[in-house]
Amino acid sequence: MSFPGVWWAALCPLLGATAAGLILSARGDGRRAAAWCAGLAAVLGWAGAKAGYLCFFAPQQFARYGAAALTLPRADTFSVAAGAAGAAAGVALGARVAGKPAGRMLTLFSPFGATAIACVRGCEAFLGTLGAGPALAEGHWAAGTFLAVSNAWGEWHWAIYVPEAALAAACAAWGLIRRHPHRGAAIAVTLCCGQMLFEPLRVRAVTWHFIPIDQLWCAGFLLAAGVAGAVRGAGSARGKKIAPLGAMAGWMALNAAAQFAQDQPRLLTDWWPGAAQYLRPICVGGLLLSALGMALAARQSLKGMYSPVRNMRASVS
């Protein structure tokens, strides 16, 4: 792995948070609030990225590196999703310290957080095959372009970090252009569902058993959003509150099944011999369908939760 690439990836959230703080200060939301939010987002974002990895691999890491495992600058010892959660916690904490509404500051910071994620994903171009996906056939048109990465043997793979960075950049642009009162939640849900689609396609994903750890953190956030929607949703019909949460759990089960079929193909091919030639399309189709289903379920859940406060548009824009 490229050492400069690791540090560029580590600095991008700091640069994004700093830029957000400067812009928010210029827009009159308060220099003190912006400084607190940007500083704590950078610190807790980095700490969250490391803690998100150590939650699954702490015994092995501490046995091998000791206390140095807490600051080991290796790109495959961080969790992007947990880092984003840590940055969000930093913004919320900074808002409380500065006496500003946490929800308002999170909404204002969300496009800049998406920008930071786009930068982090883009920096994977410096990290060799860490962002490599399915292999390309010899002579494929994408070989040699920015859409592919090669390994030490000259084999080309799809660059999975490219669509991830593009999705994050699109979310950032939408958040800056569209002054929607709940754009922060929309950006978070979109990025989580995109992560659950693209992350399993990585050849070198950091996995816990067969599921990437970034995907586990995204699933946790989506389930938390579903629970919040069920608890705080508008209306008295309990079934209408719980239905999106149940649907989300079902789509997550489909996502896990598609990954399991990809990780253990013999279990599927023994049952259906003809599935071998269709295994990749089946798995990718399952991941895509589950990601879309989770996005719709999360939208329905959050829509019910936010419906009593539609007048937030004037106070947030």
- Message: Going residue by residue through region 189-199, is there one that turns out to be assigned to a helix (DSSP H, G or I), among the β-branched types (Val, Ile, Thr) and at pLDDT 80 or above?
- Response: yes
- Subset tally (residues that are touching a residue at least 60 places away in the same chain (Cβ under 8 Å) and farther than 10 Å from Pro111 by Cα) for region 169-179: 1
- Matching residues in region 116-145 - criterion: being within 16 Å of Ala169 (Cβ to Cβ) and buried (at least 23 other Cβ atoms within 10 Å of the Cβ): Ala116, Ile117, Ala118, Val120, Arg121, Cys123, Glu124, Gly131
- Message: Looking only at region 55-81, filter to residues that are β-branched (Val, Ile, Thr) and part of a helix (DSSP H, G or I); which one of those is surrounded by the most Cβ atoms within 10 Å (Cβ to Cβ)?
- Response: Val80
- How many residues of region 129-168 are over 24 Å from Gly113 (Cβ atoms), assigned to a loop (DSSP other than H, G, I, E, B) and in contact (Cβ under 8 Å) with a residue 60 or more places away in the chain? The answer is 1
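I'm trying to understand the selection: among the residues of region 92-102, which are in contact (Cβ under 8 Å) with a residue 60 or more places away in the chain and assigned to a helix (DSSP H, G or I)? Show your work before the answer.
In the first step, residues of region 92-102 are kept if they are in contact (Cβ under 8 Å) with a residue 60 or more places away in the chain; the result is 94-95, 97-100.
The answer is Gly94, Ala95, Val97, Ala98.
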- Item | Gly52, sole failed condition from (1) modelled with pLDDT under 85; (2) buried (at least 18 other Cβ atoms within 10 Å of the Cβ) | (1)
- Residue list for region 34-74, filter: of a type in the set (Ser, Thr, Tyr) and farther than 18 Å from Ala85 by Cβ: Tyr65, Thr71
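The values are calculated or read from the model by the stated rules, or taken from the named source; none is laboratory data. What you are looking at is a predicted structure, and each value in this text was computed from that prediction instead of being measured. Positions of Cβ are backbone-derived with ideal geometry, glycine not excepted, and every protein chain shown enters the neighbour counts.
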